[in-house]
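Below is one structure; the comments refer to it alone.
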Amino acid sequence: MSIEVGSKLQGKVTGITNFGAFVELPEGSTGLVHISEVADTYVKDINEHLKVGDPVEVKVINVEKDGKIGLSIKKAKEKREAVSNRPRQGKNFDRSNNKENFEQKMARFLKDSEDRLASLKRHTESKRGGRGPRRG
């Protein structure tokens, strides 16, 4: 079985660094899971998520010409969770709530925008002395 981009494999964590974790794959090859590919949330310390010897399911995201293998744990989990969390859209899907929410958001955005613009104008005029353009 060759290692191809997009394939999901079972592996074992063999080493942890501050930038990611090395995972031993079938057939003895090793790949790197970058710290940004460990979880969907921000990972400050990889040791909170992985330990040496942990079995992990990974997805191959790239294979370099020099043999380096890029892996992702979060993308290996992505498909299974995406199917169950997908919003239901069918005959009974109600769009009226979304329209109200959009209108409320738009009204709030316009109000905030006008407030910021007024504040910016006041601040700019106060620096000029509030008398309009300079006479030279």
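Our summary gives the stretch 12-76 a relative contact order of 33 percent, counting only alpha carbon pairs under 8 angstrom and 6 or more residues apart.
Each peptide among 57-65, 109-117 gets the average number of other Cβ atoms lying within 10 Å of its residues, and from highest to lowest they stand as 57-65, 109-117.
Neighbours of L25 by Cβ distance under 13 Å: Lys/Arg scored +1, Asp/Glu scored -1, total 0.
Packing here is the average count of other Cβ atoms within 10 Å per residue, and on that basis the peptides 49-55, 19-25, highest first, run 19-25, 49-55.
Any read-out appearing in this document is the output of simple, stated calculations on the displayed coordinates, not a laboratory observation. The structure displayed is predicted, hence computed values, not measured ones. Positions of Cβ are backbone-derived with ideal geometry, glycine not excepted, and every protein chain shown enters the neighbour counts.
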